[in-house]
Amino acid sequence: MGDKPKFFEFDEFVNPIQKLAREYKEGPSQDILQHAIELSKRIENENDIDNLVSARESVRREVKISEAEIEDLEQRSDQVGEWSYLNQYVLMEIIQAAAVGNSSLMARNMSSLRLAVAAKNLGRYERARQAYADNIEGLQIMRRLFRVDEDAYFKAEDKFRKGWDSLKDNTERQLEIFDPIADDPSEEWMDLVIWNSDLSKGQGLLAQIDAIFRLAIRFEHWQDKKRQQLTPHVEKMLVRCGDLASGKDFWLALRCMVTVGDALIEVSGWNLASRVFRHLRKHAKGYEKHPLFLHGAIQAGICDLMVGDEHKCRSQLETLPLQDMESQSELILTVAGELARYIAVDYACKRKCGEPGPENTQNLINDLLKEVGIIVCRQPKTRVDYLRTLYFMVLARDVESMMMAR
């Protein structure tokens with residue numbers, strides 16, 4: 001007997017992501033699609049958040065893929081959406097996780113927007129809010145540090161905020177775009193810090209620069225819209241950092257402390273930021289020459305200076321190993337950056353104390369910024385390029401503000 005005739009290829013209709021996967025050979029795109037196929041099977045009949053979080057984390061940290069490949073998958077996700085909103089949503093969750101780990105700011109924004117639309121089509125309105133928030137964060141980071149068309153910026157942000165406003169009546173709590181889900185936002189903020197931290201390489205500030213600004217936006221919202229203090233929630237975040245430090249994630253703990261402290265500086269929380277950096281120094285004993293420790297100590301000096309305690313600022317700066325910083329600056333990009341920051345803060349502190357700063361200060365800083373800029377300033381086409389460019393923009397801004405301080 002021959003094979004039975006196949007009147008229908010049922011498997012063609014069961015999972016449209018699987019159908020899409022057949023069009024790709026082995027590679028990063030195929031890896032992403034396989035993650036999406038497995039995830040779609042596990043959450044097909046229920047909202048299994050644990051499976052979703054685990055799959056996104058795996059893709060975020062492990063899959064290396066180009067922006068062009070991500071963009072191609074995003075466009076193909078529209079085909080999946082014609083068959084199944086659920087499968088399109090699952091696929092966009094995985095693609096957006098890959099974009100967080102591999103893409104420049106604008107490419108990540110586009111993935112977040114597509115995820116918001118996919119979540120909205122499926123009726124997962126709270127997830128749509130979170131994706132819109134990710135998108136708006138990206139817009140705000142660009143405006144803070146880069147020259148943008150103001151009219152185009154406000155139109156874009158207004159469009160995305162209205163996108164959520166048109167949906168929030170469908171939700172029980174009707175939260176604003178940056179509202180935390182829980183009344184105590186500390187756990188949610190820490191999860192976002194870790195999600196936006198680059199864990200694959202290095203132990204320094206460069207890997208935290210995106211996370212700093214995204215956390216600062218949340219802090220700003222909490223202060224301005226919720227009219228509540230940050231102090232109790234920051235203290236809880238530091239407790240969790242301490243738990244990380246006592247476990248296997250010592251360097252991640254230090255990086256998270258720096259992220260919290262720098263985000264507080266972004267919202268002018270000088271006194272609270274100073275407490276965070278003291279916490280960092282306590283945990284980082286024995287690593288006084290590490291760029292993270294140097295950065296935290298210099299930032300603590302800035303906090304002292306900004307609250308009018310020039311003598312404490314001077315004492316803080318005098319504890320730093322200046323000669324070691326100078327010798328390492330030619331080898332380590334972030335040490336060169338911290339040396340420029342140190343020189344600028346020292347200059348500002350001396351001026352506030354009525355002392356003349358060294359005449360060659362500006363030249364020293366220019367040379368250091370040029371040294372860093374040659375390495376990092378390129379068109380940001382990848383996540384690493386974006387992080388380096390963002391780092392340099394923040395460094396140049398901070399140094400200039402110190403040199404102009406009165």
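The values are calculated or read from the model by the stated rules, or taken from the named source; none is laboratory data. Quantities reported herein were computed from a predicted structural model and do not represent experimental measurements. We place every Cβ from the backbone using ideal geometry, glycine too, and count neighbours over all the protein chains shown.
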message: I'm trying to understand the selection: among the residues of the range 196-251, which are among the aromatic types (F, W, Y) and either surrounded by fewer than 16 Cβ atoms within 10 Å (Cβ to Cβ) or in the same structural domain as L395 (by TED's automatic domain parsing) (or both)?
response: F250
field: Condition met for I65 (out of contact with any strand residue (DSSP E or B) (no Cβ under 6 Å at 6 or more places or on another chain) and outside any helix (DSSP H, G or I))
entry: yes
Residues of the range 299-315 classified as in contact with an Asp or Glu (Cβ under 6 Å, 6 or more places away or on another chain) and buried (at least 23 other Cβ atoms within 10 Å of the Cβ), total: 1
message: Condition check: touching a residue at least 40 places away in the same chain (Cβ under 8 Å), part of a helix (DSSP H, G or I) and over 27 Å from R227 (Cβ atoms). Does I141 satisfy that?
response: no
- request: Determine if the range 357-370 includes at least one residue that is hydroxyl-bearing (S, T, Y), at pLDDT 85 or above, within 29 Å of I65 (Cβ to Cβ) and surrounded by 13 or more Cβ atoms within 10 Å (Cβ to Cβ).
  value: no
message: Is it the case, given these coordinates, that V80 is assigned to a helix (DSSP H, G or I) and touching a helix residue (DSSP H, G or I) at 6+ places or on another chain (Cβ under 8 Å)?
response: yes
Subset of the range 77-113 [over 28 Å from D198 (Cα atoms) and surrounded by fewer than 23 Cβ atoms within 10 Å (Cβ to Cβ)]: D78, Q79, G81, E82, W83, S84, Y85, L86
message: Give me the residue from the range 19-36 that is of a type outside the set (S, T, Y) and surrounded by 21 or more Cβ atoms within 10 Å (Cβ to Cβ) and, out of that set, nearest to E93 (Cα to Cα).
response: A36
message: Condition first: assigned to a helix (DSSP H, G or I), under 17 Å from the mean Cα position of the chain (by Cα) and of a type in the set (S, T, Y). Can you find one or more residues in the range 45-57 that meet it?
response: no
- prompt: What is the number of the single condition among (1) touching a residue at least 12 places away in the same chain (Cβ under 8 Å); (2) touching a Pro at 6+ places or on another chain (Cβ under 6 Å) that E188 does not meet?
  reply: (1)
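Here is a yes/no grid of residues against (1) under 14 Å from L294 (Cα atoms); (2) of a type outside the set (F, W, Y); (3) under 26 Å from the mean Cα position of the chain (by Cα):
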position: L320; (1), (2), (3): yes, yes, no
position: E338; (1), (2), (3): yes, yes, yes
position: A348; (1), (2), (3): no, yes, no
position: P356; (1), (2), (3): no, yes, no
position: E359; (1), (2), (3): no, yes, no
position: L364; (1), (2), (3): no, yes, no
- prompt: Which pairs have Cβ atoms under 8 Å, sit 6 or more apart or on different chains, and link a residue in the range 320-347 that is closer than 15 Å to T361 by Cα and assigned to a helix (DSSP H, G or I) to one that is among the polar types (S, T, N, Q) and modelled with pLDDT under 90?
  reply: A336/S329; L339/S329
Single residue of D179, D149, D191 found to be surrounded by fewer than 21 Cβ atoms within 10 Å (Cβ to Cβ), at negative phi, of a type in the set (D, E, K, R) and more than 19 Å from the chain's Cα centre (by Cα): D149
query: Right, L175: part of a loop (DSSP other than H, G, I, E, B) and aliphatic (A, V, I, L, M) or not?
result: yes
Qualifying residues in the range 259-282 (those that are touching a Phe, Trp or Tyr at 6+ places or on another chain (Cβ under 8 Å) and assigned to a helix (DSSP H, G or I)) - the one nearest to M402 (Cα to Cα): E266
Selection count, the range 197-247, where residues are of a type in the set (K, R) and part of a loop (DSSP other than H, G, I, E, B): 4
Count of the range 46-69 residues which are out of contact with any Leu (no Cβ under 8 Å at 6 or more places or on another chain) and closer than 11 Å to E93 by Cα: 5
message: It is to be established whether one or more residues within the range 199-206 are within 19 Å of G138 (Cα to Cα), hydrophobic (A, V, I, L, M, F, W, C) and modelled with pLDDT of 95 or more.
response: no
- request: Might you check whether a residue that is touching a residue at least 40 places away in the same chain (Cβ under 8 Å), acidic (D, E) and over 26 Å from E371 (Cα atoms) occurs anywhere in the range 289-309?
  value: no
- request: Mind counting the residues in the range 230-253 that are of a type in the set (D, E, K, R) and either within 12 Å of L272 (Cα to Cα) or in contact with a Ser or Thr (Cβ under 9 Å, 6 or more places away or on another chain) (or both)?
  value: 3
- prompt: Is it the case that A98 is at pLDDT 95 or above, in contact with a Lys or Arg (Cβ under 8 Å, 6 or more places away or on another chain) and on the phi < 0 side of the Ramachandran plot?
  reply: yes
- request: Check the range 134-144 and report whether any residue there is at pLDDT 90 or above, in contact with a Gly (Cβ under 7 Å, 6 or more places away or on another chain) and crowded, with 22+ Cβ neighbours inside 10 Å.
  value: no
